[in-house]
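Novice: Take this structure, written in structure tokens, and hold onto it; I'll ask about it next.
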């Protein structure tokens with residue numbers, strides 16, 4: 001004879017199980033709230049929606065014009081997804097990467113700014129942009145502004161070497177109304193005259209930006225033999 | 001039964017604990033983008049305006065995900081929605097695979113409890129609980145779904161239901177589920193021919209024909225948003241667009257091509273030449289087709305769902321190991337189905353030991369493949385303690401082992417096959433290689449258009465083969481290649497600045513080609529044609545303009561591995577620079 005199911009036990013099990021699941025979901029949610037701020041956007045032809053009024057609700061209503069960080073803020077390392085570059089940045093600065101991005105760009109997702117329009121670092125391929133400047137990064141930097149309709153000239157280009165030994169150029173470009181609001185930094189990539197690492201200060205406090213610039217490294221991978229069948 | 005419920009519950013708890021893992025961030029970011037697009041703009045719009053490359057049915061799941069998300073949070077809140085630690089989205093997007101993981105465990109339990117259904121040994125039922133538990137808590141299983149965020153288990157769950165319904169002689173339900181699985185996870189396509197052949201062999205031709213109609217109706221049901229918008233053709237496009245989505249040897253799948261590429265499968269085009277002029281992609285398809293024929297033989301030789309299960313495993317393993325462009329996760333379905341084979345080997349201690357050892361090694365290999373892929377792409381999201389397994393030596397060892405496992409499995413199931421099937425497999429392999437090399441072997445010269453470029457870039461439009469550039473606008477615009485009204489049947493229609501690169505692998509000694517500005521270009525066209533071998537300039541034309549007659553080039557290719565056909569704008573901009581390479585022929 002088949003045993004009758006014990007409804008009390010089943011009910012108790014269901015209630016207990018549901019309660020435990022709720023606890024685990026709550027625990028997971030709490031844990032995720034404590035994770036660092038990091039935004040990842042899809043690459044290629046995608047859709048990121050239209051921004052609603054809620055777009056800025058998570059940001060301080062009195063967000064300053066420039067991002068700054070407390071002196072005791074922890075600095076963490078960002079590693080390039082495609083290219084072997086890395087740099088340090090304050091943990092409270094929210095960065096966004098773009099999967100499958102050929103430029104391996106990093107955007108700043110801070111305030112109510114769209115990271116796609118606020119790029120901190122990207123890799124530029126001189127061979128693809130203008131092959132005449134391959135091997136002559138300084139000339140590339142001096143003429144970089146010509147590709148942008150919002151810029152009309154270059155004010156200065158200064159050579160420098162950062163704390164990691166990378167050779168680079170600090171450039172100030174003049175926009176159409178004669179202002180020079182930004183500092184652009186270009187690093188030569190060791191043993192690869194086709195590439196430059198480009199950084200722009202954007203909304204970053206100069207102290208923060210300079211420290212980021214000083215931390216930029218290039219860590220080339222170990223070469224492996226070519227395949228045969 | 002109570003113990004099984006407890007196992008499932010614990011499996012659920014484990015997975016809920018893993019939900020906050022950001023997983024493979026690109027996949028999750030695409031789920032977010034596509035679900036938002038489906039919800040905001042509609043499913044058809046999503047497939048027409050984004051890089052969505054999943055089957056039509058999965059778009060419905062994403063649409064539902066965004067709709068549920070909206071009940072609790074605003075997806076337009078940019079900072080919240082796109083955070084990698086967005087718990088609500090992670091939970092909703094991982095829920096299908098979590099449910100399917102548990103569903104598969106239940107399916108294993110169900111089939112082993114009633115071993116007569118699949119034709120498993122009678123005492124399999126005592127292994128039902130241990131194997132279901134082993135599945136639930138297997139690292140490969142919970143890593144793929146709850147950790148990574150992928151939905152491979154959704155396809156597997158549907159195929160397992162197919163096996164259950166076939167074993168219960170319910171082919172119509174089986175058809176509905178296999179098509180549903182296919183509409184949610186494209187990789188299920190591998191099992192479709194075997195399924196319909198099984199219906200023919202085990203039921204009747206009429207049953208197969210009837211169920212093909214059921215399949216068509218199921219397909220239409222999943223495609224109803226497209227039917228309503230008169231865009232059904234888009235659902236077909238979503239299937240075939242994947243044929244060359246990632247044109248690389250291996251997408252971190254530890255398989256034949258990862259081994260061949262020495263661990264650089266993500267960096268090498270699958271259009272490189274292998275035997276003769278057979279590209280790696282074609283060779284992969286020939287190998288896969290050959291082994292697939294053995295799976296067909298398994299289904300047609302003997303009746304019973306057990307043979308279909310073996311055929312699914314064989315086809316699944318071959319699909320992972322031999323075609324190029326295979327992902328690390330493509331082994332997942334075959335891996336899951338292997339759980340059902342353990343009872344066959346349990347009673348004989350020697351065989352049991354071998355099976356367990358091989359299955360353990362395969363588990364390590366598959367897990368290492370998943371985790372290494374995660375570590376390479378998102379170092380902070382993988383399990384770092386196993387980082388040493390990403391070394392080249394380990395990767396080569398895993399690739400080799402996976403191939404060995406396949407051939408051992410083939411040896412085992414091959415006992416059920418007659419000589420005919422083995423010879424037929426060999427025949428397809430040899431015929432495939434010979435046919436793709438026929439012109440090369442007989443005539444010692446071939447048209448360069450028979451080779452697929454390993455890369456092709458141009459500053460306007462897309463490369464056209466045996467048609468002029470304007471043909472890119474669709475069949476109504478198709479037109480022959482021509483220069484000043486001299487027409488050609490073969491060649492490349494391109495646009496400055498253009499670079500078309502071929503792998504010749506030092507197999508040819510000479511190239512002959514005509515070239516010129518296309519008749520359809522305007523008077524402003526002006527280009528220079530260049531031919532490079534391994535980066536060295538072999539030929540440069542004079543400046544060519546509209547109205548010039550076609551010119552001819554004849555260059556030596558001795559020792560050339562990589563051939564580049566380049567067209568530049570002659571220094572005056574690319575306006576109207578429609579350029580043609582005409583009747584390009586390469587000689588052995």
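Novice: Please specify each residue of the range B:379-396 satisfying the condition of being in contact (Cβ under 8 Å) with a residue 60 or more places away in the chain and farther than 17 Å from residue B:23 by Cα.
Specialist: The answer is B:392, B:395, B:396.
For every residue, the table says whether it meets (1) over 24 Å from residue B:564 (Cβ atoms); (2) touching a strand residue (DSSP E or B) at 6+ places or on another chain (Cβ under 9 Å); (3) within 11 Å of chain A (Cβ to nearest Cβ).
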site: B:224; (1), (2), (3): yes, no, no
site: B:232; (1), (2), (3): yes, no, no
site: B:237; (1), (2), (3): yes, no, no
site: B:248; (1), (2), (3): no, yes, no
site: B:255; (1), (2), (3): yes, yes, no
site: B:276; (1), (2), (3): no, no, no
site: B:280; (1), (2), (3): no, yes, yes
site: B:286; (1), (2), (3): yes, no, no
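Novice: Which one is nearest to the chain's Cα centre (by Cα), of the residues in the range B:13-25 that are more than 7 Å from every other protein chain (Cβ to nearest Cβ), in a helix (DSSP H, G or I) and surrounded by fewer than 23 Cβ atoms within 10 Å (Cβ to Cβ)?
Specialist: Of everything passing the filter in the range B:13-25, B:18 is nearest to the chain's Cα centre (by Cα).
Novice: Can you go through B:504, B:435 and tell me which one is free of Cβ contacts under 8 Å to residues at least 24 places away in the same chain and more than 19 Å from residue B:547 (Cα to Cα)?
Specialist: From the options B:504, B:435, the qualifying one is B:435.
Novice: Mind listing whichever residues of the range B:464-484 are within 27 Å of the chain's Cα centre (by Cα), surrounded by fewer than 20 Cβ atoms within 10 Å (Cβ to Cβ) and at negative phi?
Specialist: Within the range B:464-484, B:465, B:472 qualify.
Novice: Checking the condition under 22 Å from residue B:366 (Cα atoms) and either assigned by TED's automatic domain parsing to the domain that holds residue B:403 or surrounded by fewer than 21 Cβ atoms within 10 Å (Cβ to Cβ) (or both), which residue from B:224, B:312 passes?
Specialist: B:312
Novice: What is the number of the single condition among (1) within 14 Å of chain A (Cβ to nearest Cβ); (2) surrounded by 19 or more Cβ atoms within 10 Å (Cβ to Cβ); (3) under 15 Å from residue B:19 (Cα atoms) that residue B:144 does not meet?
Specialist: It is condition (1) that residue B:144 fails.
Novice: Tell me yes or no: at least one residue of the range B:266-277 is within 20 Å of the chain's Cα centre (by Cα) and assigned to a helix (DSSP H, G or I).
Specialist: There is no residue in the range B:266-277 that is within 20 Å of the chain's Cα centre (by Cα) and assigned to a helix (DSSP H, G or I).
Residue-by-condition table, conditions (1) within 24 Å of the chain's Cα centre (by Cα); (2) more than 14 Å from every other protein chain (Cβ to nearest Cβ):
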{"residue": "B:351", "(1), (2)": "no, yes"}
{"residue": "B:384", "(1), (2)": "no, no"}
{"residue": "B:388", "(1), (2)": "no, yes"}
{"residue": "B:398", "(1), (2)": "yes, yes"}
{"residue": "B:410", "(1), (2)": "yes, yes"}
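Novice: Would it be correct to say that residue B:242 is under 14 Å from the mean Cα position of the chain (by Cα) and within 30 Å of residue B:201 (Cβ to Cβ)?
Specialist: yes
Novice: If you check every pair at least six apart or on different chains, which have Cβ atoms under 6 Å apart with a residue in the range B:83-96 that is without any contact (Cβ under 8 Å) to a residue 40 or more places away in the chain first and a residue that is surrounded by fewer than 20 Cβ atoms within 10 Å (Cβ to Cβ) and part of a helix (DSSP H, G or I) second?
Specialist: Sorted first by the residue in the range B:83-96, then by its partner, the pairs are B:88/B:72; B:92/B:68.
Novice: What strands (runs of 3 or more DSSP E), lying completely within the range B:515-588, carry at least 1 residues that are farther than 23 Å from residue B:448 by Cα?
Specialist: B:526-533
Novice: OK, next. Have a look at B:308, B:314, B:294, B:212 and point out the one that is away from chain A (no Cβ under 14 Å), assigned to a helix (DSSP H, G or I) and out of contact with any helix residue (DSSP H, G or I) (no Cβ under 6 Å at 6 or more places or on another chain).
Specialist: B:212
A quick yes/no check of all residues on (1) within 24 Å of residue B:377 (Cα to Cα); (2) modelled with pLDDT of 75 or more; (3) surrounded by 15 or more Cβ atoms within 10 Å (Cβ to Cβ); (4) under 20 Å from the mean Cα position of the chain (by Cα):
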| residue | (1), (2), (3), (4) |
| --- | --- |
| A:2 | no, no, no, no |
| A:12 | no, yes, no, no |
| A:15 | no, yes, no, no |
| A:47 | yes, yes, yes, yes |
| A:57 | no, no, no, no |
| A:71 | no, no, no, no |
| A:80 | yes, yes, yes, yes |
| A:84 | yes, yes, no, yes |
| A:91 | yes, yes, no, yes |
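Novice: Which ones in the range B:520-529 are within 19 Å of residue B:481 (Cβ to Cβ) and out of contact with any helix residue (DSSP H, G or I) (no Cβ under 7 Å at 6 or more places or on another chain)?
Specialist: B:521, B:522, B:525, B:526, B:527, B:528, B:529, listed by residue number.
Novice: Answer with yes or no whether residue A:116 is touching a residue at least 24 places away in the same chain (Cβ under 8 Å) and within 12 Å of chain B (Cβ to nearest Cβ).
Specialist: yes
Novice: For the list (1) under 17 Å from residue B:239 (Cβ atoms); (2) part of a helix (DSSP H, G or I); (3) more than 9 Å from chain A (Cβ to nearest Cβ); (4) modelled with pLDDT under 95, I need the number of the one condition that residue B:4 fails.
Specialist: (1)
Novice: Can you tell me which residue among B:127, B:120 is crowded, with 19+ Cβ neighbours inside 10 Å, part of a helix (DSSP H, G or I) and touching a residue at least 60 places away in the same chain (Cβ under 8 Å)?
Specialist: B:127
Novice: Scan the range B:444-476 for residues that are farther than 16 Å from residue B:488 by Cβ, in a helix (DSSP H, G or I) and either in contact with a strand residue (DSSP E or B) (Cβ under 9 Å, 6 or more places away or on another chain) or touching a residue at least 40 places away in the same chain (Cβ under 8 Å) (or both) and jot them down.
Specialist: If the condition is that a residue be farther than 16 Å from residue B:488 by Cβ, in a helix (DSSP H, G or I) and either in contact with a strand residue (DSSP E or B) (Cβ under 9 Å, 6 or more places away or on another chain) or touching a residue at least 40 places away in the same chain (Cβ under 8 Å) (or both), then B:472 is the only one that fits.
The values are calculated or read from the model by the stated rules, or taken from the named source; none is laboratory data. Note that the structure is predicted; figures quoted are calculated from it, not measured. Here Cβ is always computed from backbone atoms with ideal geometry, including for glycine, and neighbour counts include all displayed protein chains.
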